[in-house]
């Protein structure tokens, strides 16, 4: 199947403002693009690009004072199948990647008796899915994994952060992912489009995708970037005051005649 993916971000800058964007499809999916996902700016500005330490493609620019629209529209090939998941994958030895001390004892209390490997990661996802109530109005840029556990509310990044923290506390390497994710294969009506946070856990056979918010294999997930947490893969990092005046994201199936 083919997916039409894209976004339209409208900003207002009171002064010239440096900006770093992380919005291009991940290099692992570039060969699936049927049309390029060029980022377009109105007004036009000079840009430069680089890869960060995780291999994500980043775009750097200085936004001029006033209104600016950032947009892209592309078509990508997808299998059309729900995400593959090896429920029998075992756990591999690994060193801890970041500090999960605040959740260490709790993680072992909750998941210490679960079978290691994929079943343990799935048990973590099941718990996080039940623990956190999703609400866009509960979004917070300062909420940590332990905050999300204590408050029991948040958005998809909070689900991912808490699951990642639990995995790392259980010595399972895990990394944060930003993706396009539509609602293909789910009951309608569909909510407005958005970018989605999920995570990958390293198990026997390699990295596997998990989504504690939706907690089931989905169709048409398109990876944009990977990092240690949301701070590594922000879709836009601005170095100055700004107002986001418009936000639209789409991940739609292309119906061919």
In this structure, is residue 246 surrounded by fewer than 24 Cβ atoms within 10 Å (Cβ to Cβ), part of a strand (DSSP E or B) and over 15 Å from the mean Cα position of the chain (by Cα)? yes
Region 173-188, residues that are touching a strand residue (DSSP E or B) at 6+ places or on another chain (Cβ under 7 Å), in a loop (DSSP other than H, G, I, E, B) and over 15 Å from residue 223 (Cα atoms): 173, 184
Could you please find all residues in region 207-217 being modelled with pLDDT of 95 or more and either out of contact with any strand residue (DSSP E or B) (no Cβ under 7 Å at 6 or more places or on another chain) or over 22 Å from residue 100 (Cβ atoms) (or both)? 212, 214, 215
Has region 221-238 got at least one residue that is more than 19 Å from the chain's Cα centre (by Cα), in contact (Cβ under 8 Å) with a residue 60 or more places away in the chain and not assigned by TED's automatic domain parsing to the domain that holds residue 51? no
In region 27-72, residue nearest to the chain's Cα centre (by Cα) [restricted to those that are within 20 Å of residue 254 (Cβ to Cβ) and surrounded by 15 or more Cβ atoms within 10 Å (Cβ to Cβ)]: 29
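The values are calculated or read from the model by the stated rules, or taken from the named source; none is laboratory data. These numbers were taken from a predicted model, which means no experiment stands behind them. Neighbour counts run over all protein chains shown; Cβ positions are idealised from the backbone, glycine included.
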